[in-house]
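Notes to accompany the following structure.
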Amino acid sequence: MIRTTTLAVLLAASFSVFAAEQAKTKVDLTKAKEIAEGMCVACHGADGNSPAPANPILAGQIPEYLYKQLSNFKAVNGKPAVRNNAIMGGMVAALSDEDMKSLSVYFSQQKMKPSAAKEEKLLAEGKTLWRGGDFEKGIPACAGCHGPAGAGLPAQYPRLAGQYAEYTANQLKIFRSHERANDSEKVMRTIAGKLSDRQIDAIAEYAAGLR
């Protein structure tokens, strides 16, 4: 518990520094809208409301989190991207740092059209895990970092409320397999590694229904 609290404090401090730096960066929302409508629209929708559950809803997401993900998809100085994805890697290759920050702010300001929970039988289990975790398996409550209502708490943790259950479940599974490894201090890889497929699906369903 102490280690988790300390990590949260350190992460909060690092993101506060980022927020201060971001405030100094010029954000071009007009250009961001053009990029979104020309490059992002097919997978995420021009306003960040993805038409397909395989791709995340970006509208209303925390801008610092969006910027981190875009940056992690980008290969820099000949080094491989921190987050390996051929499609996203190609998309961000030509984007400048200013472009990525502008896009992050643009999508964060769009109105989210939330998904909905579909598997009713999983909701009770998902609610228990979200609010209280699983003490015997050492799984912390999701609400501890993502908030009781899934809004993200604070900027370093993404909003999960209303996100497609299919997308959330897939991300938890690739954290579990370490295919995705851009989480600070391996926090999500550690947690996901303790989750069963059913628990992952339950959490994802519950998050999809949060508002």
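Restricting to the stretch 191-208, what's the tally of residues that are over 14 Å from the mean Cα position of the chain (by Cα) and either aliphatic (A, V, I, L, M) or part of a helix (DSSP H, G or I) (or both)?
Of the residues in that region, 12 qualify.
Residues are listed down the side, and each one gets a yes or a no for (1) modelled with pLDDT of 95 or more; (2) part of a loop (DSSP other than H, G, I, E, B):
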{"position": "Thr5", "(1), (2)": "no, no"}
{"position": "Ala8", "(1), (2)": "no, no"}
{"position": "Gln22", "(1), (2)": "no, no"}
{"position": "Lys26", "(1), (2)": "no, yes"}
{"position": "Lys31", "(1), (2)": "yes, no"}
{"position": "Ala36", "(1), (2)": "yes, no"}
{"position": "Ala52", "(1), (2)": "yes, yes"}
{"position": "Leu66", "(1), (2)": "yes, no"}
{"position": "Leu70", "(1), (2)": "yes, no"}
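Kindly indicate whether any position in the stretch 85-96 is in a loop (DSSP other than H, G, I, E, B), more than 18 Å from Glu34 (Cβ to Cβ) and in contact (Cβ under 8 Å) with a residue 60 or more places away in the chain.
Here is the first cut: in the stretch 85-96, the residues in a loop (DSSP other than H, G, I, E, B) are 85, 93-96.
Still in the running and more than 18 Å from Glu34 (Cβ to Cβ): 85.
The next check asks that each one be in contact (Cβ under 8 Å) with a residue 60 or more places away in the chain; those that pass are none.
Within the stretch 85-96, not a single residue is in a loop (DSSP other than H, G, I, E, B), more than 18 Å from Glu34 (Cβ to Cβ) and in contact (Cβ under 8 Å) with a residue 60 or more places away in the chain.
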The stretch 67-92 - residue that is among the aliphatic types (A, V, I, L, M) and more than 27 Å from Glu166 (Cβ to Cβ) and, of those, surrounded by the most Cβ atoms within 10 Å (Cβ to Cβ): Ala75
Answer with yes or no whether Asp99 is of a type in the set (Asp, Glu), on the phi < 0 side of the Ramachandran plot and not assigned by the TED database to the domain that holds Ile191. yes
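Condition check ((1) more than 16 Å from the chain's Cα centre (by Cα); (2) under 20 Å from Ile57 (Cβ atoms); (3) crowded, with 16+ Cβ neighbours inside 10 Å) across all residues:
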{"position": "Glu98", "(1), (2), (3)": "yes, no, no"}
{"position": "Leu103", "(1), (2), (3)": "no, yes, yes"}
{"position": "Lys118", "(1), (2), (3)": "yes, yes, no"}
{"position": "Phe135", "(1), (2), (3)": "yes, no, no"}
{"position": "Arg159", "(1), (2), (3)": "no, yes, yes"}
{"position": "Glu166", "(1), (2), (3)": "no, yes, yes"}
{"position": "Phe175", "(1), (2), (3)": "no, yes, yes"}
{"position": "Arg189", "(1), (2), (3)": "no, no, yes"}
Examine the stretch 124-136 for a residue that is in contact with a Phe, Trp or Tyr (Cβ under 8 Å, 6 or more places away or on another chain) and within 23 Å of Ala52 (Cα to Cα), and state whether such a residue exists. yes
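Restricting to the stretch 105-116, and then to whatever is of a type outside the set (A, V, I, L, M, F, W, C) and within 30 Å of Lys194 (Cβ to Cβ), can you tell me which residue is least open to solvent (accessible area, probe 1.4 Å)?
Among those that are of a type outside the set (A, V, I, L, M, F, W, C) and within 30 Å of Lys194 (Cβ to Cβ), it is Ser115.
The values are calculated or read from the model by the stated rules, or taken from the named source; none is laboratory data. Small disclaimer: the values here were computed from a predicted structure and weren't measured. Note that we place each Cβ from the backbone using ideal geometry, even for glycine, and neighbour counts take in every protein chain shown. Quick note on the areas: whole protein, heavy atoms, side chains included, nothing else; ligands and nucleic acids left out. Shrake-Rupley method; radii C 1.70, N 1.55, O 1.52, S 1.80 Å.
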